[in-house]
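One structure below.
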């Protein structure tokens, strides 16, 4: 089991420059501590114009700072928006390779296509096309990383022969991921040999179904990269405290803030009728109250599967996720600063001390998480 | 925390000439052979909260939906109807708050006012659709207040459009409340069109600050059955839906 932390960089109203600065500084401090404690990944989203919900529009800059201030934790784009109006694919390949170099081969490369009209409309992107451009991006970027001469005639862009530079440090290239919100996207990931990076809180039953389908399809995938990434990570929330009542109070306050902000986004499907967005993409609406007697969350009145509670509770919850085939969990630590920085750091420390040792993974070895560095770099 | 509306509820009630629902009806209202045209347009950022009450949250960007219905048949016969709604959130739910409505017959205006709280006036409403276009015209006192020409229909799947539930500010047996109207659409054909909004009298549609300056998309659903369910929930307009939601007893 791998453990990661996941940043939206939400800034509570009234916001302003000082509040934004503080949120960024708090996040970097959390990353430094997570690195010391043995967490495996830091992920940062790419969102634009989403007031309060996410002020993380330049994740490559944030992740570069994380890379510079840490030594072992892997840095993840969670994820780059593969829409040409927002990111030209050549620039995506260049920036990601540079980030892989300066992080010493610690990049995880997540891809997405955006689900809000706020973002797509702001850039003048056509929602009908985003799935097609995402598919084009994920097929060409690994080639730009691995070929000395690359040319392309495609739908969203074309280019004559060039050598896209620099090349990433990892061999053959950084692991590829797809963010999965809507049912069915896990199959897009599987068909292309890409990791399934869940970014919606779903129930055990739904995740088990998605994971089984993903494992079945990826066994016969046609990988878009040179290497297949067959990992399944989910998104969760973390607030760990010795007293589960305190954990539930504080944790559910954070989750409530996150879900409310998320529900207030202006979804593409709501504004623009299209075949390309069959669900809203709302990631906070699927919390399910635990009800089965064997679920440890049921007795405590918590939604099932959440990383909120005392250490023993979290161990039992994560064991359940592990049993249904999830091999990584990425935790949102805060939302709109609903939890104080001291509480976040204490929660991380307690989790690392009492919960992480109960699970096998590189966090127990205190060595760099596995990557694919060329000979001489490992 | 979250951005909320800043309009005074009593001022809004006067501004929208809100109706009175004397008693709740447990009857659904079914309309058949309905054409529904929905245009979504962005509004200026400056208007995003000042035309919503404190109980609602504006979307970012602020947006207006214009819905025009041509009803082939119903319990009150055929009629046409057009209303404008501001996109918003009530608690965590996506909603549209009605700012004005015009119906082509007195019977339709009265039913929609008295049973569902639409601030309907009687006017001239036309929705003309053909193979290549759909035109909507609304006149009040013989003055055009809305003219839309929608061209070049492109077929979509019937389920590709999202209709959010409506909130109508009205005097009700529970007091001055936002009345939640849930419409169940069964669509056979859906098309997306390119819209031209050539006339929009903002004052006639509820507030002079409503300026649909950037059209996002327009859809036309043909041959629908639309059923307005009996009202189940109302919300206070001055406080959040988390605290202000009430069930309706028929």
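On the given criteria, is residue A:277 touching a helix residue (DSSP H, G or I) at 6+ places or on another chain (Cβ under 6 Å), assigned to a loop (DSSP other than H, G, I, E, B) and surrounded by 23 or more Cβ atoms within 10 Å (Cβ to Cβ)? So residue A:277 fits the description; yes. Here is a check on your reading of the model: is residue A:155 surrounded by 14 or more Cβ atoms within 10 Å (Cβ to Cβ) and either farther than 20 Å from residue A:41 by Cα or touching a helix residue (DSSP H, G or I) at 6+ places or on another chain (Cβ under 6 Å) (or both)? For residue A:155, the condition - surrounded by 14 or more Cβ atoms within 10 Å (Cβ to Cβ) and either farther than 20 Å from residue A:41 by Cα or touching a helix residue (DSSP H, G or I) at 6+ places or on another chain (Cβ under 6 Å) (or both) - is not met. Entry remark, the range A:256-273: residues being surrounded by fewer than 23 Cβ atoms within 10 Å (Cβ to Cβ), more than 8 Å from every other protein chain (Cβ to nearest Cβ) and in contact with a strand residue (DSSP E or B) (Cβ under 8 Å, 6 or more places away or on another chain) number 1 in total. Checking each residue in the range A:1-23 for being surrounded by 17 or more Cβ atoms within 10 Å (Cβ to Cβ) and away from every other protein chain (no Cβ under 14 Å) picks out A:1, A:2, A:3, A:4, A:5, A:6, A:7, A:8, A:9, A:23.
Residue A:348 passes every criterion in (1) within 14 Å of chain B (Cβ to nearest Cβ); (2) under 20 Å from residue A:255 (Cα atoms); (3) crowded, with 19+ Cβ neighbours inside 10 Å apart from (1).
Scanning the range A:318-333 for residues that are closer than 22 Å to residue A:42 by Cβ and in contact with a strand residue (DSSP E or B) (Cβ under 8 Å, 6 or more places away or on another chain) yields A:318, A:321, A:326, A:327, A:328, A:329, A:330, A:331, A:332, A:333. Count of the range B:5-38 residues, restricted to those that are under 20 Å from the mean Cα position of the chain (by Cα) and within 14 Å of chain A (Cβ to nearest Cβ), is 4.
Restricting the range B:133-146 to residues that are in contact (Cβ under 8 Å) with a residue 40 or more places away in the chain and buried (at least 17 other Cβ atoms within 10 Å of the Cβ) leaves a set whose member that is farthest from the other protein chains (Cβ to nearest Cβ) is B:140.
The single condition from (1) at pLDDT below 95; (2) more than 13 Å from chain A (Cβ to nearest Cβ) that residue B:104 fails is (1). Here residue B:92 fulfils each of the conditions (1) within 14 Å of chain A (Cβ to nearest Cβ); (2) in contact with a strand residue (DSSP E or B) (Cβ under 6 Å, 6 or more places away or on another chain) apart from (2).
Residues that are more than 14 Å from the chain's Cα centre (by Cα) and surrounded by 19 or more Cβ atoms within 10 Å (Cβ to Cβ) within the range B:157-169 comprise B:160, B:161, listed in sequence order. Within the range A:211-233, the set of residues being within 21 Å of residue A:316 (Cα to Cα) and touching a helix residue (DSSP H, G or I) at 6+ places or on another chain (Cβ under 6 Å) comprises just one member, A:232. Give the residue that is nearest to residue B:42 (Cα to Cα), with candidates limited to residues of the range B:100-118 that are in contact (Cβ under 8 Å) with a residue 24 or more places away in the chain and crowded, with 24+ Cβ neighbours inside 10 Å. That would be B:100.
Checked against the criterion of being at pLDDT 95 or above, under 25 Å from residue A:114 (Cα atoms) and outside any helix (DSSP H, G or I), the candidates A:177, A:145 yield just one match: A:177.
If only residues of the range B:179-227 that are crowded, with 18+ Cβ neighbours inside 10 Å and touching a helix residue (DSSP H, G or I) at 6+ places or on another chain (Cβ under 6 Å) are counted, the one that is nearest to residue B:153 (Cα to Cα) is B:216.
Scanning the range A:25-81 for residues that are away from chain B (no Cβ under 14 Å) and at positive phi returns a single hit, A:38. Spot the failing condition for residue A:249; the list is (1) in contact (Cβ under 8 Å) with a residue 40 or more places away in the chain; (2) more than 30 Å from residue B:156 (Cβ to Cβ); (3) more than 12 Å from every other protein chain (Cβ to nearest Cβ), and only one is missed. The number of the failed condition is (1). Answer with yes or no whether residue B:52 is buried (at least 23 other Cβ atoms within 10 Å of the Cβ), in contact with a helix residue (DSSP H, G or I) (Cβ under 9 Å, 6 or more places away or on another chain), closer than 30 Å to residue A:255 by Cβ and within 14 Å of chain A (Cβ to nearest Cβ). So residue B:52 passes the test. Within the range A:207-229, the set of residues being part of a loop (DSSP other than H, G, I, E, B), farther than 23 Å from residue A:144 by Cα and touching a residue at least 60 places away in the same chain (Cβ under 8 Å) is empty.
The values are calculated or read from the model by the stated rules, or taken from the named source; none is laboratory data. All of these numbers come straight from a predicted model, not from anything done at the bench. Glycine also receives a Cβ, built like all others from the backbone with ideal geometry; neighbour counts cover every protein chain displayed.
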